[in-house]
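The values are calculated or read from the model by the stated rules, or taken from the named source; none is laboratory data. It should be emphasised that the depicted structure is a prediction, and the values quoted were computed from it without experimental measurement. We place every Cβ from the backbone using ideal geometry, glycine too, and count neighbours over all the protein chains shown. Surface accessibility is based on the protein's heavy atoms, side chains included, excluding ligands, DNA and RNA. Shrake-Rupley method; radii C 1.70, N 1.55, O 1.52, S 1.80 Å.
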Amino acid sequence: MNIEDKVKEYILENYLFTDDMSALGNDDSFIEKGIIDSTGILEVIFFLEETFSLAVEDDEMVPENFDSVNNIAAFVNKKTAA
Amino acid sequence: MCGIAGIIYHDAEQHVSENELMRMVAQIAHRGPDGSGCYVKNNIGLGHARLSIIDLEGGRQPIHNEDHSVWVSFNGEIFNFVELKRELEGRGHRFYTQSDTEVIVHLYEEYGDAFVNHLNGQFAIALWDEQKNTLLLIRDRLGIVPLFYQQSAQRLVFASEVKSILSTFEHSPSLNLSALDQLMTFWSPVSPGSLFEGISEVSPGEMLTIKNGEIHCQQYWDWAFPDAEGEYRGGSEEQLAGELHDLLIDSTRIRLRSDVPVGAYLSGGLDSSVLVSIIHNHSDAHLRTFSIGFEESGLDEQSYQDGLIQHLGADHSRIICSNRDVADNFVDTIWHTEAPVLRTAPVPMRLLSGLVRQQGYKVVLTGEGADEVLGGYDIFKETKIRQFWAKNSDSSFRASLLKRLYPYLDISKRQGQAYLKNFFGMGIEQPDLAYFSHLPRWITTAKCKDFFSDDLKSKLTENPYDIIENSLPKVLPRWHYFNRAQYIEAKSLMGGYLLCSQGDRMLMANSIEGRFPFLDHRVIEFANTLHPKLKMKVLNEKFLLKKAMGKYLPSNIVKRYKQPYRAPDIAAFSHGGVLPDYVEELLSESTVRRFGYFDPKRTHLLVQKIKKGRAIGHKDNMAFIGILSTQIWHRLFIEQFHERFSVK
């Protein structure tokens, strides 16, 4: 399973309570769609650290990195490639 | 379940008195109202109070082997006795009963001390081997069934409950102050200690060998976790969920073995719902369930219970517990717990087992243990969040995740930040500390000790944290922090309180046997090899259990926010600022001073605060229940000793 699918599966399972992959687009904004609140983003960061063995710095905790499946995948790719 | 008792003199020329032994058995008659028996020969005596569940006619105890050289008095159930008996008969052993108990003596003949490793069950066993002149005292792996002993220069006395041992005392016992100090920190004394000076418990998973006055202790089983990341069990989530599913069905199936009907507790939470759905979908047993409802809506789970009852079509009975019920039944509850408690939660559990008895049932399945085994408790979430925070303890954001667990925390304000640092931040710089997970809970609980009298404080010489740290296995620091938290939770709160004060004692007070499918050692050994993230995926508790068993349940049960089981504490006792007479008397300055454990002035101020309706916090509740239950304990077991116990 690629990064996008892993992240999407987690968001669907934990915030939308469904396994229907079409319920969330990869560019859908979590904040605009009211899917995840600010504390929920920390939960997503926890998931990324637990799943991809990476560490997120305070200055990286910005919406551009975590507000959609594609944003997260790009961030994870950047971190794991570093 | 049943009750066992016994005496062994170290000098073989001494003789056990059958009268004394049967007085011990009489003290635990509530554990076995269906009959009693004993075996006495010279310096050994084994007694038994029977609750008949398997082989109703032929299962009288103590039971012996073919040549009467091995005798056993047994409390509990061996759930795999059918398979063991078949195997032993194949090896030529002859059985004279249909009971599970008889398997023990033949298994012992076959395997010696190692026989215990073949048992799948919950038990306290006293086994006398005449030829070896040896007594074995064995307790099940988890400590579901209690077993206490007292060793003196002349003899060793043992029993299922302390009150049975007290019936052999000439003088009233005294409170083990160090054990009280531990209880008011960890919720229970560190095993093998008990609240009674000089009386110990056989620890969970332990076998004592007693020969010629010497006691040899052997830990035959303990929780164990992988040392390194690569040692966790492999396989996809689906495969592992499938394995867990099959194991739970089998552990439930063998726990339905009985010659009397078996019911089930139904709380409305995930764990009991899983068990009830297994009974419904995978057995022919009649689905008979029992639950508690509370007058206080904040504690009540009836709507979830009703949803499941409707979903499965269970034949259900419920008891509604009022605040007054808790206050009215508190003293008798402490008689059965034999230890102070920090919450009233055992009281409704005793009322519930009374309902089961009233409905003609003797056995119930319960969901106890799922949270410890499969990662359900908030303390595990708290530990994960604090570890997440500890990765960068200066982070302005990470601690905010605590809001997921405690939505009322106002983290944005300066005061909120300070509170976080002071409370959840305790030990945040030492994430590798063995008991990192439990520090905030223990420090909060220990606030009860502010009420200790100066005299008691001056007598406490040991640091409880050192005692519990020394009780932990040497390999524990190598385990994943989540597994460390699981171990400590299983050995402290579960083993020392949930399975005892809130478990066995409340069930057996009404002669009811509880059975715990999630505490089948095969389930635990499987779960202990699962990576922690399969137990709690980020903050989604019991993730793999939901994946394995969710298909049988209504989605609102699977997705509901976990509600811990609670009963009213101070609210149960204070009605418009008026406390019951017995509470007033036990907490009066003169009684508090006379018993000597607590500071009379401070206790008085707490009582005044309660009367004014100002004591609403967690700490006030724990302190009040802790002080009141200690005072009751003293009255029952020390002050009223001569009235309650036969004296030589």
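Could you check, for the stretch B:553-561, whether at least one of its residues is within 26 Å of B:Phe423 (Cα to Cα), within 14 Å of chain A (Cβ to nearest Cβ) and open to solvent by 10 Å² or more (accessible area, probe 1.4 Å)?
yes
Output the residue which, of all residues in the stretch B:150-160 that are open to solvent by less than 10 Å² (accessible area, probe 1.4 Å) and out of contact with any helix residue (DSSP H, G or I) (no Cβ under 7 Å at 6 or more places or on another chain), is farthest from B:Val16 (Cα to Cα).
Ranking the candidates gives B:Phe158 first.
Could you identify the single residue in B:Ile632, B:Ile625, B:Ile610 that is among the β-branched types (Val, Ile, Thr), buried (at least 22 other Cβ atoms within 10 Å of the Cβ) and out of contact with any helix residue (DSSP H, G or I) (no Cβ under 7 Å at 6 or more places or on another chain)?
B:Ile625
Identify, from the list B:Val347, B:Val326, B:Val364, B:Val341, the residue that is open to solvent by less than 40 Å² (accessible area, probe 1.4 Å), under 30 Å from B:Arg253 (Cβ atoms) and of a type outside the set (Phe, Trp, Tyr). Break it down into steps so the answer makes sense when it comes.
Values: B:Val347 fails: under 30 Å from B:Arg253 (Cβ atoms); B:Val326 fails: under 30 Å from B:Arg253 (Cβ atoms); B:Val341 fails: under 30 Å from B:Arg253 (Cβ atoms).
Within the list B:Val347, B:Val326, B:Val364, B:Val341, the selection yields B:Val364.
Just need a number here: residues in the stretch B:238-292 that are of a type in the set (Ser, Thr, Tyr), open to solvent by 20 Å² or more (accessible area, probe 1.4 Å) and farther than 30 Å from B:Ser322 by Cβ.
Count: 2.
In this structure, does B:Ser303 turn out to be outside the structural domain of B:His480 (by TED's automatic domain parsing) and more than 23 Å from the chain's Cα centre (by Cα)?
So B:Ser303 passes the test.
Given B:Lys533, B:Lys546, which one is within 14 Å of chain A (Cβ to nearest Cβ), over 26 Å from the mean Cα position of the chain (by Cα) and either basic (Lys, Arg) or not in a loop (DSSP other than H, G, I, E, B) (or both)?
Residue meeting the stated conditions: B:Lys533.
Restricting to the stretch B:1-21, name every residue that is surrounded by fewer than 17 Cβ atoms within 10 Å (Cβ to Cβ) and either closer than 24 Å to B:Cys500 by Cα or aliphatic (A, V, I, L, M) (or both).
Step one: of the stretch B:1-21, the residues surrounded by fewer than 17 Cβ atoms within 10 Å (Cβ to Cβ) are B:11-15, B:17-19.
B:Ala12 - this is the single residue of the stretch B:1-21 that is surrounded by fewer than 17 Cβ atoms within 10 Å (Cβ to Cβ) and either closer than 24 Å to B:Cys500 by Cα or aliphatic (A, V, I, L, M) (or both).
Of everything in the stretch A:38-63, what is surrounded by fewer than 16 Cβ atoms within 10 Å (Cβ to Cβ), part of a loop (DSSP other than H, G, I, E, B) and at the interface with chain B (Cβ under 9 Å from one of its Cβ atoms)? Give them in sequence order.
A:Ala55, A:Glu57
Just to be sure I understand, how many residues within the stretch B:546-571 are aliphatic (A, V, I, L, M) and touching an Asp or Glu at 6+ places or on another chain (Cβ under 8 Å)? I'd like the intermediate steps shown before the answer.
First, the residues of the stretch B:546-571 that are aliphatic (A, V, I, L, M): B:548-549, B:553, B:557-558, B:567, B:570-571.
Then keep just the ones that are touching an Asp or Glu at 6+ places or on another chain (Cβ under 8 Å); that gives B:570-571.
Count: 2.
Yes or no: the stretch B:579-590 includes at least one residue that is within 14 Å of another protein chain (Cβ to nearest Cβ), open to solvent by 60 Å² or more (accessible area, probe 1.4 Å) and either under 29 Å from the mean Cα position of the chain (by Cα) or within 28 Å of B:Arg404 (Cα to Cα) (or both).
No: zero hits.
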